[in-house]
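**Student:** Here it is: the structure, laid out below.
The values are calculated or read from the model by the stated rules, or taken from the named source; none is laboratory data. All of these numbers come straight from a predicted model, not from anything done at the bench. We place every Cβ from the backbone using ideal geometry, glycine too, and count neighbours over all the protein chains shown.
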Amino acid sequence: MRVLKLVVWDLDETILTGILEEGDEEVNPEALRIVEQLDKRGVLQALATQNSPDIIPMAEAKFDWFKYFVHKEADWSPKSRKIRRILSELEISPLDTLFVDEDAFERDSIVAQIQDISAWTLSELKSYLDKADTSVTEESQLRPQMYREQKSRLEEQNASQDYEDFLRSCDIEIFIRPYEPQDALRVEELLTRTHRMNLGVLPVEEAIERLNQSKENHVLIAEIKDKYGDMGRSGVLHLRPNDSENAAIESLAISCRTKARGLSLAMLVGLLRHPDARFQEYHCRYIFNGTNRPLRMLLTAAGFKPERGTDELTLRAERLLRVDLPEWIALTYLPESR
């Protein structure tokens, strides 16, 4: 497991002490404590249970703790199938996912069927949390709520006859500002947790160390909010000038929550167009990490061109200026944190 992003829970005889269908509604107090602890740490939680789909609306009405699950799957199909649907829906890798079940057969079965997923008991998860770093950013604490807000966005989007009218109604704002010391923990989180939109050329420890090495570096932060809520600090760009006209991108990470059409591109272009990031030419190395193909496509959309025979890409300032951004996104450049 790389980073714990998602915990998928079994219900019967794991969260509950017995079987819901048989009338047992008593909650395992240790499981509930862990569920609440994970929510405070910003770890997403989902439910995969061998029960009739009818139990979901019933449980939502009856159990207050059901609110902690951002996605629920209940049917009689194999549990592995439900977990795969959860991973697809939340766009989270098995490498960052933990399945919790008190039944050893179920744990071993899931590990055998879903490559790279981890499967633990309650006591193993408790031991892990007791030893884990307890520092949590504001964005981490709000992550489950942000996913619930994203679900509301998608529901309204699906109900809208005109997608662009829907996007205009979202009041999307992106704020670009210089990095400040209090951003360090969140930047480390972005560089560690983000895989699809991460340049990933430098090891995270080295990337963090370089952020504060020289005042000549240009580090920028992007924050997003819309009518559904504040998504917080969702992007970081670290430029190292080679001279007065050229700069290399040392680090670039953009949260996967920005995947809505045009939003990731607007964020990247916005970061590069900030007054502190204006150069005549930008260079970066792109190294495929197994999942970051979307970043390569994003760099190309922003105007980066590959240098033949190398892993480097180059962007001229005039190409950057020609990129058209959606009119339904408001970009604001700030000289300092709000």
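**Student:** Anything in region 1-28 that is more than 24 Å from D116 (Cα to Cα) and either assigned to a strand (DSSP E or B) or without any contact (Cβ under 8 Å) to a residue 24 or more places away in the chain (or both)? List them, or say none.
**Tutor:** L16, T17, G18, I19, E22, G23, D24, E26, V27
**Student:** Another question about this same structure. All but one of (1) under 30 Å from E189 (Cβ atoms); (2) in a strand (DSSP E or B); (3) not small (G, A, S) hold for T49; state the number of the condition that does not hold.
**Tutor:** It is condition (1) that T49 fails.
**Student:** Here's a follow-up. Which one of R233, R210, R177 is more than 13 Å from I254 (Cα to Cα), buried (at least 20 other Cβ atoms within 10 Å of the Cβ) and not hydrophobic (A, V, I, L, M, F, W, C)?
**Tutor:** The match here is R177.
**Student:** Could you tell me whether region 227-238 includes any residue that is within 28 Å of S140 (Cα to Cα) and touching a His at 6+ places or on another chain (Cβ under 7 Å)?
**Tutor:** Looking through region 227-238, none of the residues is within 28 Å of S140 (Cα to Cα) and touching a His at 6+ places or on another chain (Cβ under 7 Å).
**Student:** Just checking, how many residues over region 198-236 are touching a residue at least 24 places away in the same chain (Cβ under 8 Å) and under 17 Å from I287 (Cα atoms)?
**Tutor:** 6
**Student:** Could you look through region 170-195, keep only residues that are part of a loop (DSSP other than H, G, I, E, B) and out of contact with any Leu (no Cβ under 7 Å at 6 or more places or on another chain), and pick out the one that is nearest to H238 (Cα to Cα)?
**Tutor:** That would be E180.
**Student:** Among the numbered conditions (1) within 13 Å of C284 (Cα to Cα); (2) surrounded by fewer than 17 Cβ atoms within 10 Å (Cβ to Cβ), tell me where L239 comes up short.
**Tutor:** Just one mismatch for L239, condition (2).
**Student:** Can you give me the ranges of the strands (runs of 3 or more DSSP E) entirely in region 221-290 with at least 3 residues that are assigned by TED's automatic domain parsing to the domain that holds F304 and under 18 Å from L334 (Cα atoms)?
**Tutor:** Correct list: 229-241.
**Student:** Let me ask you something else. If I go through region 61-73 residue by residue, how many of them are over 21 Å from L142 (Cα atoms) and either charged (D, E, K, R) or touching a residue at least 60 places away in the same chain (Cβ under 8 Å) (or both)?
**Tutor:** 2
**Student:** For a quick check of your reading of the model, give me the residue pairs whose first member lies in region 114-140 and is touching a residue at least 40 places away in the same chain (Cβ under 8 Å), whose second is aliphatic (A, V, I, L, M) and assigned to a strand (DSSP E or B), with beta-carbon atoms closer than 8 Å and at least 6 apart or on different chains.
**Tutor:** Qualifying pairs under 8 Å: S118/L98; L122/V100; L125/V7; L125/L98; L125/V100; E139/M231.
**Student:** Can you pull out every residue in region 249-283 that is over 20 Å from the mean Cα position of the chain (by Cα), crowded, with 21+ Cβ neighbours inside 10 Å and in contact (Cβ under 8 Å) with a residue 60 or more places away in the chain?
**Tutor:** Hit for region 249-283 is H274, nothing else.
**Student:** Within 20 Å of V201 (Cβ to Cβ), of a type in the set (D, E, K, R) and in contact with a strand residue (DSSP E or B) (Cβ under 9 Å, 6 or more places away or on another chain), is that true of E245?
**Tutor:** Judged against the criteria, E245 is not a match.
**Student:** Further question on the same structure: Out of K62, K40, K67, I need the residue that is closer than 17 Å to I86 by Cα and modelled with pLDDT under 95. Which one?
**Tutor:** K67
**Student:** Going by the structure shown, is E60 touching a helix residue (DSSP H, G or I) at 6+ places or on another chain (Cβ under 6 Å), of a type in the set (D, E), surrounded by fewer than 20 Cβ atoms within 10 Å (Cβ to Cβ) and under 26 Å from M146 (Cα atoms)?
**Tutor:** yes
Results for (1) under 17 Å from the mean Cα position of the chain (by Cα); (2) in a helix (DSSP H, G or I); (3) not acidic (D, E), shown as yes or no for each residue.
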| site | (1), (2), (3) |
| --- | --- |
| F105 | no, yes, yes |
| I110 | no, yes, yes |
| Q115 | no, no, yes |
| E124 | no, yes, no |
| S127 | no, yes, yes |
| E139 | yes, yes, no |
| L142 | yes, yes, yes |
| M146 | yes, yes, yes |
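**Student:** Using the structure shown, decide if A48 is surrounded by 18 or more Cβ atoms within 10 Å (Cβ to Cβ), under 30 Å from E138 (Cβ atoms), of a type in the set (G, A, S) and touching a helix residue (DSSP H, G or I) at 6+ places or on another chain (Cβ under 8 Å).
**Tutor:** Yes; evaluated as a whole, the condition is true for this residue.
**Student:** Then there's this: Evaluate the following for L295: is it in a strand (DSSP E or B), among the aliphatic types (A, V, I, L, M), within 22 Å of L202 (Cβ to Cβ) and in contact with a Leu (Cβ under 7 Å, 6 or more places away or on another chain)?
**Tutor:** no
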